[in-house]
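Colleague: My questions all concern the structure below.
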There are 4 protein chains.
Amino acid sequence: MRFPVPLTGVVPPLCTPLTPTGDVDTRSLAALTRRLLDAGVHGLFALGSSGEAAYLTDAPRRTALETVVTTAAGRVPVLAGAIDMTTARVREHAASAAACGADAIVATAPFYTRTHPVEVADHFRRIRAGTELPLFAYDIPASVHTKLTASVVLPLAVEGTLAGLKDSSGDAGALRRLLVEAREAGLAERFSVLTGSELAVDGDLLAGVHGVVPGLGNVDPAGYLRLYAHARAGRWAEAVAEQDRLVALFALTDAGDPTLMGGSSAGLGGFKTALHLLGVIDSPHTAAPQVPLDTTAVERVRKLLEGAGLLS
Amino acid sequence: MRFPVPLTGVVPPLCTPLTPTGDVDTRSLAALTRRLLDAGVHGLFALGSSGEAAYLTDAPRRTALETVVTTAAGRVPVLAGAIDMTTARVREHAASAAACGADAIVATAPFYTRTHPVEVADHFRRIRAGTELPLFAYDIPASVHTKLTASVVLPLAVEGTLAGLKDSSGDAGALRRLLVEAREAGLAERFSVLTGSELAVDGDLLAGVHGVVPGLGNVDPAGYLRLYAHARAGRWAEAVAEQDRLVALFALTDAGDPTLMGGSSAGLGGFKTALHLLGVIDSPHTAAPQVPLDTTAVERVRKLLEGAGLLS
Amino acid sequence: MRFPVPLTGVVPPLCTPLTPTGDVDTRSLAALTRRLLDAGVHGLFALGSSGEAAYLTDAPRRTALETVVTTAAGRVPVLAGAIDMTTARVREHAASAAACGADAIVATAPFYTRTHPVEVADHFRRIRAGTELPLFAYDIPASVHTKLTASVVLPLAVEGTLAGLKDSSGDAGALRRLLVEAREAGLAERFSVLTGSELAVDGDLLAGVHGVVPGLGNVDPAGYLRLYAHARAGRWAEAVAEQDRLVALFALTDAGDPTLMGGSSAGLGGFKTALHLLGVIDSPHTAAPQVPLDTTAVERVRKLLEGAGLLS
Amino acid sequence: MRFPVPLTGVVPPLCTPLTPTGDVDTRSLAALTRRLLDAGVHGLFALGSSGEAAYLTDAPRRTALETVVTTAAGRVPVLAGAIDMTTARVREHAASAAACGADAIVATAPFYTRTHPVEVADHFRRIRAGTELPLFAYDIPASVHTKLTASVVLPLAVEGTLAGLKDSSGDAGALRRLLVEAREAGLAERFSVLTGSELAVDGDLLAGVHGVVPGLGNVDPAGYLRLYAHARAGRWAEAVAEQDRLVALFALTDAGDPTLMGGSSAGLGGFKTALHLLGVIDSPHTAAPQVPLDTTAVERVRKLLEGAGLLS
């Protein structure tokens, strides 16, 4: 497929359903993928943080991506995360993703190691040099522990190294400055800016992002599609109301007790528990060493789904 | 004056003009205050981070606040920062601010020391117990190094300890959750939420904040007032255009060379240099040990003012 | 008194005993001071972090310092913390401390605000210019959120701005590099390096620090004096054994439940509870909004004192 | 070989020499390994942070480890880093390392993802369950962004999950508490504590660590072996003098300009440049996207080697 320039719309970062023994549950993943496609999403992002890419070895990463690509069957573009510590390792994941049929690569700056903006730029150039696919930078300081600044990203966009940015920094001010500077640099129509801030999608669309990558979109894709449509049509009051409903639903990501589990267990466990309660996936299992939600937390998730009108 | 509930509108955090020898320049501060009042601002916030409160000893803090209160002359409410490390010290500043005629107190969580949410809540209760004035919590993790969470703030709002929140966290997602939870708690009309994120005011107003506290409002109050009016009238495209213009102007906060000065020197120096170039204040001087902008940076500020149509 | 150059030995950072209503308990503070003097300490550090300086307003800070100075009566030098956000505020505290009879000033880099090494250096120069007293830099990144580097500290030592350093960074590697570079710069005998890392005093003395500022020295001054004497005499096995005993005793700083209180409440509450159980001070009260130790924690402290042979 | 319990002595974390095209230079790696063996090191740690494990894909990791194992030929134990984000990925590296003939596995807590102590403990248990080899926990907060606490590590040691700890936290106080608590738990002779704090080895040996893993030991193994021998013989003055000499030499890790490169480029580039100047390895090349030292920096390294008596 020809990759959309810019990429717009709702592009959920797919969860990766697992069996109780920790294997990729390809049946459930295909079902989840079809559910999102049928809802009308504009793209799919596999092997992102929501997809537990950090927890999966290379083989199940490939299995997951192949399942998504096969199920998508060219209806929408599939972006693939190539999440690893440094350049050479990311390049291997990117090559593997291309072989699996992905339409674009998403990569973070180096992590684990102490790096410099010059090195970060070189990192993205080397990744791009190793693949035919468009490359998106993934700004997620909560995981990478550095922030991708506009001063690094925009020159890479101008020179054609980067096709887009997935901004999961939650830093609305920095995102706005980047959007304004991108337009000044003539990038408005050729550099795709996607927000991962699923709680402020209305504001980010107002600010000019092209699309949204909402983890919660696994659970309620129709909500995000309505929100997106309202925003694009300038129905801002309706967009806000839809976003507010989704904000309330987002409480399922901290249904788990934070004194008993980490943020990943609670967040991804919340998504998967919801998908399981909705009958989309067979098991709410998350990858080890994440802790499963207890029955109290599961009941909280159920109540939130009912409150959002997703479960009766 | 009767304090507005909720407090809405544009409430700039006043810069504190200084003489070249470091004293409060009361003439310039009165001129700045009048300029903002004449532009139509809805309130004034003295002795905040933009007011260099952290750099001022108690006596000049009082001088600055008295100047603002006298100049405001009851036309709009004056909020006063009571910025200090812990409870007893903040209580003293709050008492002093009340004596100077402030209409409300703004205080952060404790800093310098290692604290706990239970202690943060007690801190605000003790400050409130020591003053007749409404109390606003000031969430500014860049300075305080902890984030005020909704789980701390909202119970304090419900019980009447806090009258409002100034959110300078830049965390749009957390702010949105707080707004939704505040409404669910019946606080919508009695707990004032003000955003300090001056680059995403359109989005934050869309999300439901009551008002905005923009440092850049010292330089371009009319811009923020237009932005606010557009947003309140639902003219979102116009609001966005105005915000984008202000985002471009905001580059004056990093006109200074970051290898030569800290973020405060660059940011506050940028505001003061602009006010000096605009003829509002007599000197761009910032408090020691901040570094002044060099001539290259001053020229950059001038160009930005020209680009924004504020200087010809 | 003539200030020792370099300052060597054990210099405890005095706790500030408070009455149950939060006033400085001067009787208890004098008793604590005498106890340390009688044990043979080489200096006293008032109004440091262990002294709850961050929690005290200016008047009780003065009361506390005057009590210590009067009680010390020139037997040992008294260093006074001048803990505040920025230069002008620190200068006021330094002047007040000099008026109270302190023998040296201890100040951190600016905090709350975003600063730069050039500004930090200027900060110390301005503090020094405002006082006759020797000036010590206080490196405590846990509170200040930046680290004082050797590249900032050593030039200030060479030029005479700084008389010494209190290193509470806990970064043994950086401290060692500073010590080696200080000697290379000819500072060995005129720049006093004091460690605040009370759990690794043997190693830090081995590395070449001149003295130690142990919070736990409030509770067990004799232990730290033995440790110091062993180290100075090259009895390293005995020094290690003494340090190990003190390390076990240090568990009184986390006797409090960390899910119920902050680190300051637990640490300072542990010291004060121990001093109260030992009969040195009248009340274990810490300044608001700190949380008191509960009875379980108090019993833990008692057991630790018994285990260390301080209570029977 | 039977793995020593406890593991004591000097265990350098091997650099991984690369060709100019980025392949593992097995000839140079074997030469480096032989040099360390001939100097008398007590063990070797391959694929650690100093070995650029974060930069190497799986195949060159295996090549490097095989080269070290083959060259060591059973003369000393070879520890292998299994550095990756989460459990399943680490388990694969551990299995691969075992197949390559490693004698022990070294693994960090999960990173990239947000985790909880319960999950960290489960992580180590699952790694241990997947390998016959002894497992060392690797505490390196600069890379992992969380600290391994004694409360997590010691129960894992008691139950037999962990055989040891490599502490690169630089937190001497926490290390000391762990050592004291380990002895109290009866672990003194069966849980190996190795310090990675190469600048405070004398103090850490005094404190009771079993061994040291100094990156600088690649460059000057004889220095660390003398330091270790002095410490074990109680010749503390000589140990300190040797450590001080090594501290001065350590300046080669920041010979590179920090405004032009990250800490990894400077540190690992410094080690490799030194090894190249000493004629041990064929190229100072570090893995992409690290920046090479420029000629000024190389000259600085040369001077430091001359100053340390390693080059004439």
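The values are calculated or read from the model by the stated rules, or taken from the named source; none is laboratory data. None of these values were measured; they are calculated from a predicted model. Cβ coordinates were reconstructed from backbone atoms using ideal geometry, including for glycine residues, and neighbour counts include every protein chain displayed. To get the accessible areas, we keep the full protein, side chains included, count just its heavy atoms, and leave off ligands, DNA and RNA. Shrake-Rupley method; radii C 1.70, N 1.55, O 1.52, S 1.80 Å.
Colleague: Could you name the residue in chain D with the C-beta closest to the rotation axis that superposes chain D on chain A, along with the separation in whole Å?
Modeller: D:His145, 3
Colleague: Before anything else, pin down the relative contact order of the range B:115-266: Cα pairs under 8 Å, at least 6 apart, normalised by residue count, whole percent.
Modeller: Numbers: 179 pairs, mean separation 22.5, N = 152.
Relative CO of the range B:115-266 lands at 15 percent.
Colleague: C:Ala39 label points, 7 Å along Cα→Cβ, one per copy: pairwise distances from this copy to the rest in nm, shortest first?
Modeller: From this label point to the equivalent ones elsewhere in the assembly: 4.3, 5.8, 6.4 nm.
Colleague: Of all DSSP beta bridges located in the range C:9-234, what percent are antiparallel, nearest 5?
Modeller: Values: 1 of 24 bridges.
Roughly 5 percent of the DSSP beta bridges within the range C:9-234 come out antiparallel.
Colleague: Right, something else. Keeping all protein chains in place, calculate the accessible area per residue for the range A:66-180 (probe 1.4 angstrom), answer in Å².
Modeller: Working: 3550 Å² over 115 residues.
Result: 31 Å² per residue.
Colleague: Tell me, what are the semi-axes, in whole angstrom and largest first, of the equivalent ellipsoid of the range C:112-218 as set by the roots of 5 times the Cα gyration tensor eigenvalues? Please list the in-between numbers first.
Modeller: Details: eigenvalues 88, 54, 36 Å².
Each semi-axis is √(5λ); the values are 21, 16, 13 Å.
Colleague: When DSSP assigns beta bridges and you keep just the ones with both residues in the protein assembly as shown, what percent turn out antiparallel, to the nearest 5? Walk me through the numbers on the way to the answer.
Modeller: Numbers: 6 of 95 bridges.
The antiparallel fraction comes to roughly 5 percent.
Colleague: Residues of the range A:127-143 with amide nitrogen under 13 Å from the 7 Å Cα-to-Cβ point of A:Val5?
Modeller: A:133-135
Colleague: Counting only other chains, what is the mean number of Cβ atoms within 10 angstrom of the Cβ of each residue in peptide C:84-94?
Modeller: Working: counts 6, 10, 11, 7, 10, 7, 1, 2, 3, 1, 0.
Counting Cβ atoms of other protein chains within 10 Å of each residue's Cβ and averaging gives 5.
Colleague: Right, next: Take the alpha-carbon centre of the range D:1-72, take the same for the range A:1-20, and report the distance between them in whole Å.
Modeller: Using only Cα atoms, the two centres lie 41 Å from each other.
Colleague: Follow-up question, since we're still on this one. For the protein assembly as shown, with all protein chains present and a 1.4 Å probe, just round the carbon and sulfur fraction of the accessible area to a whole percent.
Modeller: Values: 21820 of 40490 Å².
Heavy-atom surface of the protein assembly as shown belonging to carbon and sulfur, 1.4 Å probe: 54 percent.
Colleague: Using only alpha carbons, build the gyration tensor for the range C:166-312 and give me the equivalent ellipsoid semi-axes, biggest first, whole Å. The partial results should precede the final answer.
Modeller: Numbers: eigenvalues 191, 62, 28 Å².
Over the Cα atoms of the range C:166-312, the ellipsoid semi-axes are 31, 18, 12 Å.
Colleague: In peptide A:142-152, how many Cβ atoms from other protein chains are near each Cβ within 10 Å, on average? Numbers along the way, then the final one.
Modeller: On the way: counts 4, 6, 3, 6, 1, 0, 0, 0, 0, 0, 0.
Taking all residues of A:142-152 together, the mean is 2.
Colleague: Related question: The range D:236-252: which residues show an accessible-area loss of 30 Å² or more, assembly versus chain alone, 1.4 Å probe?
Modeller: At a threshold of 30 Å² (probe 1.4 Å), the residues of the range D:236-252 that become less exposed are D:Trp236, D:Val240, D:Asp244, D:Val247.
Colleague: Let me ask something additional. List the chymotrypsin sites (Phe, Trp or Tyr not before Pro) in the range D:218-263 that DSSP assigns to loop (not H, G, I, E or B) and whose Cβ has at most 13 other Cβ atoms within 10 Å. Which are they?
Modeller: Numbers: sites: D:Tyr224, D:Tyr228, D:Trp236, D:Phe250; in loops: none.
Passing both the DSSP loop test and the Cβ count: no residue.
Colleague: Sort C:254-261, A:83-90 for me by packing, meaning the mean count of neighbouring Cβ atoms within 10 Å per residue, highest on top.
Modeller: Numbers: C:254-261: 17.4, A:83-90: 24.5.
Descending mean neighbour count gives A:83-90, C:254-261.
Colleague: Tally Lys/Arg at +1 and Asp/Glu at -1 over every other residue whose Cβ is under 10 Å from the Cβ of C:Thr67; what's the total? Display every interim value, and only then the final one.
Modeller: Numbers: positive: C:Arg27, C:Arg62; negative: C:Asp25, C:Glu66.
In short, 0.
Colleague: Could you sort B:132-140, A:23-31, D:192-200 so that the peptide with the highest average Cβ count within 10 Å comes first and the rest follow in order? Don't skip to the end; give the middle numbers.
Modeller: Details: B:132-140: 22.3, A:23-31: 19.1, D:192-200: 26.0.
Ranking, from highest mean packing down: D:192-200, B:132-140, A:23-31.
Colleague: Roughly how big is the A-D contact, given as buried accessible area in Å² (both sides, 1.4 Å probe, nearest 100)?
Modeller: Using a 1.4 Å probe, the pair buries roughly 3600 Å².
Colleague: OK, next. Give the nm distances, rounded to one decimal, from B:Ala229 to the matching residue in every other copy, measuring between label points 7 Å along Cα toward the beta carbon; shortest first.
Modeller: 3.6, 8.1, 8.5
Colleague: Tell me the relative contact order for chain C as a rounded percent, counting alpha carbon contacts under 8 Å between residues six or more apart. Walk me through the intermediate numbers first.
Modeller: Working: 604 pairs, mean separation 58.7, N = 312.
Relative contact order of chain C: 19 percent.
Colleague: Take every Cα-Cα distance within the range C:1-85, group them into 5 Å bins from 0 onward, and report for each bin the whole-number percent of pairs it holds.
Modeller: Binned Cα distances yield the sequence 3, 16, 29, 25, 16, 8, 2, 1, 0.
Colleague: At each listed q (0.07 Å⁻¹), what is the log10 of I(q)/I(0) that the Debye formula gives for the protein assembly as shown modelled as equal alpha-carbon point scatterers?
Modeller: Once normalised to I(0) and log-transformed, intensities are -0.73.
Colleague: What gaps in nm, shortest first, separate A:Ala99 from its twins in the other copies when you place the label 7 Å past Cα toward the beta carbon?
Modeller: Label point to label point, same position, other copies: 1.6, 7.6, 7.7 nm.
Colleague: Exceeding 31 Å between C-alpha atoms, which entries from my cross-link table qualify? They are A:Lys166/B:Lys147; A:Lys147/C:Lys272; A:Lys147/B:Lys272. Each step should come with its number before you reach the end.
Modeller: Numbers: A:Lys166/B:Lys147 24 Å; A:Lys147/C:Lys272 42 Å; A:Lys147/B:Lys272 28 Å.
Distance filter (> 31 Å) returns A:Lys147/C:Lys272.
Colleague: Now for a separate question. Quick one: what Rg and Dmax do you get for the range A:9-234 from the alpha carbons, in Å?
Modeller: 16.4, 51
Colleague: Right, another one. Calculate for chain D the 222 nm mean residue ellipticity that helices alone would give, adding -39,500 (n - 2.57) per DSSP H run of length 4 or more and normalising by residue count, nearest 500 deg cm²/dmol. Present the calculation step by step, with values, prior to reporting the outcome.
Modeller: Values: 12 runs with 142 residues, N = 312.
Dividing the helical sum by the residues of chain D leaves -14000 deg cm²/dmol.
Colleague: Taking every residue in A:194-206, how many Cβ atoms of other protein chains lie within 10 Å of its Cβ, on average?
Modeller: Working: counts 0, 1, 1, 4, 2, 9, 12, 2, 4, 11, 3, 2, 12.
The mean count of partner-chain Cβ atoms within 10 Å per residue comes to 5.
Colleague: While we're on this one: Could you sort the residues of the range D:154-179 by number and keep only those whose accessible area is reduced by 40 Å² or more in the all-protein-chain setting relative to the chain alone, 1.4 Å probe?
Modeller: Going by heavy-atom accessible area, the residues of the range D:154-179 that drop by at least 40 Å² are D:Ala172, D:Arg176, D:Arg177.
Colleague: For a Förster distance of 51 Å, can you work out the FRET efficiency between the beta-carbons of D:Glu184 and D:Arg34, rounded to the nearest 0.05? Mind showing how you got there, number by number?
Modeller: Working: r = 41 Å, r/R0 = 0.81.
It comes out at approximately 0.80.
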